[in-house]
Amino acid sequence: MSQPGPTFWQPSHGLKVASHQLIYDKGMKLDKLQTTLKAAEQAGDGEALTRIIEQHPEAALIKAHDKVQRDLAKLNKLAVTTIGDPEAIKAIDEARVETMKSLNTVVKEMEDASGKVTLGQKLRGAVKRQDVATQ
């Protein structure tokens, strides 16, 4: 069953599937971390708050992630109401890509600074595994 309008968030295979799954997983982890931070803050437990932030440097991404989610939601609403105008849909899709790139840049800089395996390395590994499995 096809959906009306643009289907930007409906990847069909390969790198798109792997990248969208990793982005979703990271977003879910950030949401859980944000909930934990809020609970510590509401409890007035400054020590726990500090400890959580030290143990999870990705906490610095929460505000950037939230902003990207808000921006994407606005673009998605605009895309749904923009039917029959291929140029406008293309411009909206390009804006969504740029919005995600901005978050990816922040994530990459943080991962590079940490010396851990980067998101790009994980994506390449996921795509290679998927390609091998489909051969």
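The values are calculated or read from the model by the stated rules, or taken from the named source; none is laboratory data. Remember, it's a predicted structure, so these values are computed and weren't measured experimentally. Using ideal geometry, Cβ is built from the backbone for each residue, glycine included, and neighbour counts are taken over all protein chains shown. We work out accessible area using only protein heavy atoms, side chains counted, and drop any ligands, DNA or RNA first. Shrake-Rupley method; radii C 1.70, N 1.55, O 1.52, S 1.80 Å.
What residue, of 95, 64, 59, is over 12 Å from the mean Cα position of the chain (by Cα), open to solvent by less than 50 Å² (accessible area, probe 1.4 Å) and at pLDDT below 90?
59
Rundown of residues vs (1) charged (D, E, K, R); (2) within 30 Å of residue 83 (Cβ to Cβ); (3) modelled with pLDDT under 85; (4) not in a helix (DSSP H, G or I), yes/no style:
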site	(1), (2), (3), (4)
6	no, yes, yes, yes
10	no, yes, yes, yes
17	no, yes, yes, no
28	no, no, yes, no
33	no, no, no, no
41	yes, no, no, no
49	no, no, no, no
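Kindly indicate whether residue 77 is at pLDDT 90 or above, open to solvent by 60 Å² or more (accessible area, probe 1.4 Å) and over 23 Å from residue 30 (Cα atoms).
Taking the combined requirement at face value, the residue satisfies it.
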